[in-house]
Amino acid sequence: MAVRKIITPPNPLLRQPSLKVAEVDDTIRALIADMFDTMYDAPGIGLAAVQIGEPLAVIVMDIHSGDAEKEPRPLALINPEVVWSSDNRVTYQEGCLSVPEIYDEVERPAEVRVRFLDEQGNEQERLFGGLEAICVQHEIDHTKGILFVDHLSRLKREKYLKKVIKRAKQASAA
Ligand code: NI
């Protein structure tokens, strides 16, 4: 298990749809362990495999990450797919470990039902609400090459991405 490097724009992998996992084996379980280590280290409440440079449809979440007073709530979802979303929508201030220090409001369905494989390779379906619904949709977006800033206006998106790229350049030059 290891904390891995989180990629940021303009890394083209972030724009690439992830491949479905054909078989849930020890390699996938080791990837998930690294993803949890990386997510908790950041800390963040969600991470997609592509963010550590592995374009596979695997996501991890824990909405209590970074909050020592709350019970951990780790969840790993393989090949996650939204099979139903509510008409009711909510707005939430989102951020992303791959788009550091940028936060803005995104509107999404308030509830979603997601079909996925668990770490044993069994098919599961689960209804998500509240912050978990926001988080799971944000992470599933990553498996499609979508970043949360894509839900904003083009003007905002370009401004934010430019800022992230500029900061990364300054950091690597320093
Ligand atoms: Ni993200």
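The values are calculated or read from the model by the stated rules, or taken from the named source; none is laboratory data. A quick note: this is a predicted structure, and the numbers were derived from the prediction, not measured. Positions of Cβ are generated from backbone atoms using ideal geometry, with glycine treated the same way; all protein chains shown enter the neighbour counts. The area values use the complete protein model at the heavy-atom level, side chains included, leaving out ligands, DNA and RNA. Shrake-Rupley method; radii C 1.70, N 1.55, O 1.52, S 1.80 Å.
Below, the figures for the structure above:
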item	result
Residue 42 versus residue 27: modelled label distance in nm, points set 7 Å from Cα along the beta carbon direction	2.5
Paramagnetic reach from residue 165 in the range 97-139 [backbone N under 16 Å; point 7 Å along Cα→Cβ]	99-100
D (Stokes-Einstein, µm²/s), Kirkwood Cα radius, the range 1-83, 1.306 mPa s at 10 °C	121
Three-way shape call for the range 50-148 based on the alpha-carbon gyration tensor, with the a/c threshold at 1.5	rounded
nm² value of the averaged projected area, convex hull over the Cα atoms of the chain	10.4
Qualifying GluC sites (Glu not before Pro) for the range 24-107 [loop in DSSP, other Cβ within 10 Å: at most 11]	69
Solvent-accessible area per residue for the chain (1.4 angstrom probe, square angstrom)	54
Surface share of carbon and sulfur [accessible, 1.4 angstrom probe, percent] for the range 55-174	46
The range 39-64 and the range 65-129: distance between their alpha carbon centers, rounded to Å	11
Cα gyration tensor category, rounded, prolate or oblate, for the range 53-103 with a/c compared to 1.5	rounded
Label-point separation, residue 20 to residue 125 (7 Å along Cα→Cβ), nm	1.7
Estimated FRET transfer efficiency when R0 is 22 angstrom, pair residue 2-residue 146 (beta carbons, to 0.05)	0.25
Where labels lie 7 Å past Cα in the beta-carbon direction, separation of residue 172 and residue 81 in nm	3.7
